[in-house]
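Peer 1: Below you will find the structure I want to go over with you.
The values are calculated or read from the model by the stated rules, or taken from the named source; none is laboratory data. Predicted model only: the values in this text are computed from it and were never measured. Neighbour counts run over all protein chains shown; Cβ positions are idealised from the backbone, glycine included.
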Amino acid sequence: MSRLIVGPFNRVEGDLEVQLELGEGAVKAAWVNAPMYRGFEQMLPGRDPLDALVIVPRLCGICSVSQSVAAARALAALSGAVPPPNGQIAHNLMLATENLADHLTHFYLFFMPDFTRAVYARQPWHAETLRRFEAHAGEHGRRAIAARQRWFTLLGTLGGKWPHTHALHPGGVTRPVDASERLRLLAKVREFRQFLETTLFGAPLEEVAALPGEAALRAWLEAGDRGDFGLFLRIAEALGLDTLGPGPGRFLSYGAFPQPDGLLTVPRGVWDAEARALLPLDLDAITEDATHAWLDDRGGALHPRDGQTLPDADKAGAYTWNKAPRLAGQVVECGAVARQLAANQPLVVDAVRRCGGSVYTRVLARLMELARVVPLMEDWLRALRPGEAWHEPVQMPEGGVGVGLVEAARGSLGHWLRVERGRIARYQIVAPTSWNFSPRDAAGTPGALEAALAGTPVRPGEATPVAVQHVVRSFDPCMVCTVH
C-alpha cells in the first residue's frame with residue numbers, strides 16, 4: 001500500500017485536496033479534504049433577517065443566484081410571503097440561467113479538456129477532442145465561452161447584474177421586465193438554443209429530450225453527426241465511464257422550479273436504485289455529522305435547524321472543514337442526475353438502472369437538463385405578464401423559523417434560518433458539495449465521492465491519476481460553497 005495526495009485541483013471552484021491509499025493499481029480508499037474555512041454561518045447571527053439577501057450570495061461567485069433564491073425562500077417561509085406569478089417565474093428564469101451556464105462551463109471547460117491529455121494520444125478520438133476541447137485553444141471551447149457570455153446577459157435584464165444580484169426577494173423580484181425586454185430575452189434564449197442544437201447536440205433539443213432509452217440513444221447516435229454530445233458518448237464507451245465512480249444508489253432532489261400554482265416542475269424526493277422509484281423525502285431526517293471535521297461536534301449529529309459551525313482547528317481525527325450530511329443516517333448523491341431521475345426522464349432512468357450513478361450518467365444528466373430546461377424557459381418567458389405585479393411587500397416577524405430549498409446546478413442546497421427578537425439567531429447552510437464531498441461520519445462511512453473513488457484505476461507513475469480526475473470532475477465540486 002502507498003499514499004498519494006492529489007491537489008490542489010485545477011479547473012474546480014475553490015480548494016480541494018484528496019488523499020488516496022493505493023494498492024494493486026487502483027485506489028483502495030480516499031479521504032476528501034475541503035481545506036478552506038470561510039465562516040459565513042458566523043457572520044449572520046445578530047443581523048436583520050433581510051441582510052441575508054446581501055451576505056449569502058457572496059458565498060460563491062459561480063452559483064450566487066442559487067444562494068440568493070435559497071435565502072429568499074427561507075425568508076418567505078419565515079414571513080409567509082408568496083411571490084406573485086411574475087415574481088415566481090422570474091426566480092425560476094434567473095436560477096435556470098445560472099444552472100445552465102454552469103452545465104455548459106462544466107462540460108466544455110472543466111470536464112472534456114481532461115480527454116485531451118497525452119495519456120490518450122493513441123485513442124482514435126484524441127485528435128478531434130484536442131481540436132474541440134484543448135484548454136484555452138479548443139475551437140468548441142471558445143465557442144462555448146462566447147455563448148456563455150451572451151447567455152449571462154439575461155441576468156443583466158432580469159436581475160440587474162450577475163453575480164450577486166440583489167433583485168431576488170422573498171416577495172418576488174424588485175426588477176420588472178417590460179414587453180420589449182421580454183421579446184429580447186426570448187431572442188437570447190433562442191440564440192442559446194441555436195448553439196446547443198448546432199454545436200453541442202447536432203439536433204433539435206426536443207428530439208434529444210425525447211430519447212426514450214439507451215437503445216434509442218445508440219440508434220440516434222449512428223444516424224448522424226451528433227456534435228460534441230456524440231463525441232462524449234464515444235469517449236464514454238471507449239473508456240468505460242459507465243463503470244467509473246459508482247455512486248451510493250440514493251439520489252436526493254429538493255424539487256426544482258415551483259410554478260405559480262405551487263406545483264414543482266421537478267419533483268422532490270429520493271430516487272432509490274434498489275426500489276427503482278422516487279421515495280418521499282423526510283426533511284426532518286437530515287443531519288450533519290462533524291466527527292471528522294475541524295468543527296465542534298458536541299451534541300453529535302444535528303439537524304441543520306439546530307446546527308452549529310464552531311471551528312476546532314486542532315481537533316484529533318479531523319481532516320476537513322466539511323461536515324458529513326446524512327439522510328436518515330445514509331449517504332446520498334445529489335445533482336442533475338438526481339433531478340432527472342426524480343423527473344422520470346426516460347434516458348437517464350434507463351442509464352442509471354443499467355450502471356447506477358457513474359461518471360457517464362452524471363454528465364449525461366447535465367446535458368439532458370440543458371436540452372429539457374431551455375424550452376421550459378421559453379414557455380416561462382411567454383407566461384410573463386408585463387404590467388402586472390412582480391413583488392409583494394413583506395413584513396418580517398419578530399421570531400420564527402424558515403427553510404429555503406433550491407436545486408443548484410450541482411444539486412440540493414438548503415438554508416435553515418431561525419429569528420429571535422427580530423434578529424437572526426441561527427443560519428445553517430448545507431450545499432450540494434457538502435453532500436457529495438462529505439467526509440466519513442461517526443460510523444466511519446465514507447461520503448459519496450470518497451466511496452466513488454475506491455476502485456478507480458491508477459496507472460504506474462501517475463502523480464495526478466487521470467481517472468481520479470474524471471471521477472472528481474463528474475461531481476463538479478464547488479468547494480467555496482462547501483464550508484461556510
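Peer 1: All but one of (1) within 17 Å of the chain's Cα centre (by Cα); (2) assigned to a loop (DSSP other than H, G, I, E, B); (3) polar (S, T, N, Q) hold for Thr309, so report the exception by its number.
Peer 2: (1)
Peer 1: Restricting to segment 60-87, and then to whatever is within 20 Å of Leu417 (Cβ to Cβ), surrounded by fewer than 23 Cβ atoms within 10 Å (Cβ to Cβ) and among the polar types (S, T, N, Q), can you tell me which residue is modelled with the lowest pLDDT?
Peer 2: Going through the qualifying residues, I end up with Ser64.
Peer 1: Another question, then. In this structure, is Phe251 buried (at least 17 other Cβ atoms within 10 Å of the Cβ), within 30 Å of Pro84 (Cβ to Cβ) and modelled with pLDDT of 95 or more?
Peer 2: On the way: buried (at least 17 other Cβ atoms within 10 Å of the Cβ): yes; within 30 Å of Pro84 (Cβ to Cβ): no; modelled with pLDDT of 95 or more: yes.
Criteria not met by Phe251.
Peer 1: Given (1) closer than 15 Å to Leu100 by Cβ; (2) in a loop (DSSP other than H, G, I, E, B), identify the lone condition not met by Gln149.
Peer 2: The one condition Gln149 does not meet is (2).
Peer 1: Separate question: Quick one: would you say Gly444 is without any contact (Cβ under 8 Å) to a residue 12 or more places away in the chain and either within 30 Å of Leu239 (Cβ to Cβ) or not aromatic (Phe, Trp, Tyr) (or both)?
Peer 2: Numbers: without any contact (Cβ under 8 Å) to a residue 12 or more places away in the chain: yes; either within 30 Å of Leu239 (Cβ to Cβ) or not aromatic (Phe, Trp, Tyr) (or both): yes.
The answer is yes for Gly444.
Peer 1: Being out of contact with any helix residue (DSSP H, G or I) (no Cβ under 7 Å at 6 or more places or on another chain) and either charged (D, E, K, R) or farther than 30 Å from Leu109 by Cβ (or both): is that true of Met1 here? Step through it out loud before you land on a result.
Peer 2: Working: out of contact with any helix residue (DSSP H, G or I) (no Cβ under 7 Å at 6 or more places or on another chain): yes; either charged (D, E, K, R) or farther than 30 Å from Leu109 by Cβ (or both): yes.
Criteria met by Met1.
Peer 1: Have a look at Ala318, Ala275 and point out the one that is among the aliphatic types (A, V, I, L, M), at pLDDT below 95 and outside any helix (DSSP H, G or I).
Peer 2: Exactly one of Ala318, Ala275 is among the aliphatic types (A, V, I, L, M), at pLDDT below 95 and outside any helix (DSSP H, G or I), namely Ala275.
Peer 1: Continuing with this model, one more query. Counting just the residues of segment 280-293 that are surrounded by fewer than 20 Cβ atoms within 10 Å (Cβ to Cβ) and touching a residue at least 60 places away in the same chain (Cβ under 8 Å), which one comes out nearest to Ser438 (Cα to Cα)?
Peer 2: Thr291
Peer 1: Could you run through segment 158-183 and say how many residues are at pLDDT 95 or above, surrounded by 14 or more Cβ atoms within 10 Å (Cβ to Cβ) and over 16 Å from Gln88 (Cβ atoms)?
Peer 2: Total meeting the criteria: 1.
Peer 1: Okay, next question. Let me confirm something: among Ala90, Ala29, which residue is buried (at least 24 other Cβ atoms within 10 Å of the Cβ), in contact with a strand residue (DSSP E or B) (Cβ under 8 Å, 6 or more places away or on another chain) and at pLDDT 95 or above? Let's see the steps before the verdict.
Peer 2: Numbers: Ala29 fails: buried (at least 24 other Cβ atoms within 10 Å of the Cβ).
Answer to the check: Ala90.
Peer 1: Here are some residues: Ala448, Ala408, Ala371. Which one is modelled with pLDDT of 95 or more and under 30 Å from Arg47 (Cβ atoms)? First the steps, then the outcome.
Peer 2: Values: Ala448 fails: under 30 Å from Arg47 (Cβ atoms); Ala371 fails: under 30 Å from Arg47 (Cβ atoms).
Just a single option satisfies the conditions, and that option is Ala408.
Peer 1: May I pose another question? Could you list all residues from segment 7-21 that are crowded, with 20+ Cβ neighbours inside 10 Å and either more than 18 Å from Leu449 (Cα to Cα) or of a type in the set (Gly, Ala, Ser) (or both)?
Peer 2: Correct list: Gly14 only.
Peer 1: Count, please, the residues in segment 1-60 that happen to be free of Cβ contacts under 8 Å to residues at least 24 places away in the same chain, over 30 Å from Gln395 (Cβ atoms) and of a type in the set (A, V, I, L, M).
Peer 2: Here the count works out to 1.
Peer 1: To continue, here is another question. Answer yes or no: is there a residue in segment 272-279 that is touching a strand residue (DSSP E or B) at 6+ places or on another chain (Cβ under 6 Å) and surrounded by fewer than 18 Cβ atoms within 10 Å (Cβ to Cβ). Before you say what the answer is, go through the steps one by one.
Peer 2: So the first thing to find is which residues in segment 272-279 are touching a strand residue (DSSP E or B) at 6+ places or on another chain (Cβ under 6 Å), and the list is 272, 278-279.
From what's left, surrounded by fewer than 18 Cβ atoms within 10 Å (Cβ to Cβ): 272, 279.
Looking through segment 272-279, at least one residue is touching a strand residue (DSSP E or B) at 6+ places or on another chain (Cβ under 6 Å) and surrounded by fewer than 18 Cβ atoms within 10 Å (Cβ to Cβ).
Peer 1: Now for a separate question. Across segment 324-343, which residue is surrounded by the fewest Cβ atoms within 10 Å (Cβ to Cβ) among those that are more than 29 Å from Leu104 (Cα to Cα) and among the aliphatic types (A, V, I, L, M)?
Peer 2: Among those residues, the one meeting the criterion is Ala328.
Peer 1: Do you know which residues across segment 71-130 are farther than 30 Å from Arg385 by Cα and among the hydroxyl-bearing types (Ser, Thr, Tyr)?
Peer 2: Thr105, Tyr108, Thr116, Tyr120, Thr129
Peer 1: Return the residues of segment 343-367 that are over 15 Å from the mean Cα position of the chain (by Cα) and part of a helix (DSSP H, G or I); say none if nothing qualifies.
Peer 2: Across segment 343-367, the qualifying residues are Pro346, Leu347, Val348, Val349, Asp350, Ala351, Val352, Arg353, Arg354, Cys355, Tyr360.
Peer 1: Only one of (1) touching a Pro at 6+ places or on another chain (Cβ under 9 Å); (2) surrounded by fewer than 20 Cβ atoms within 10 Å (Cβ to Cβ); (3) more than 17 Å from Thr433 (Cβ to Cβ) fails for Glu24. Which number is that?
Peer 2: Condition not satisfied by Glu24: (1).
Peer 1: Please find, among Arg132, Arg150, Arg122, Arg117, the residue that is touching a His at 6+ places or on another chain (Cβ under 7 Å) and either within 23 Å of Ala179 (Cα to Cα) or among the basic types (Lys, Arg) (or both). Even if it seems obvious, please write down each step before you answer.
Peer 2: Details: Arg150 fails: touching a His at 6+ places or on another chain (Cβ under 7 Å); Arg122 fails: touching a His at 6+ places or on another chain (Cβ under 7 Å); Arg117 fails: touching a His at 6+ places or on another chain (Cβ under 7 Å).
After applying the criteria, what remains is Arg132.
Peer 1: Identify, by number, the condition in (1) of a type outside the set (Val, Ile, Thr); (2) part of a strand (DSSP E or B); (3) over 20 Å from Cys355 (Cα atoms) that Leu281 doesn't meet.
Peer 2: (2)
Residue-by-condition table, conditions (1) of a type in the set (Val, Ile, Thr); (2) within 23 Å of Val32 (Cα to Cα):
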site	(1), (2)
Cys355	no, no
Leu364	no, no
Trp380	no, no
Gly400	no, no
Thr445	yes, yes
Glu450	no, yes
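Peer 1: Run down Arg459, Arg418 and say which single residue is of a type in the set (Lys, Arg), in contact (Cβ under 8 Å) with a residue 40 or more places away in the chain and either under 20 Å from Gly39 (Cβ atoms) or surrounded by 24 or more Cβ atoms within 10 Å (Cβ to Cβ) (or both).
Peer 2: Working: Arg459 fails: either under 20 Å from Gly39 (Cβ atoms) or surrounded by 24 or more Cβ atoms within 10 Å (Cβ to Cβ) (or both).
None of the other options fit; the residue is Arg418.
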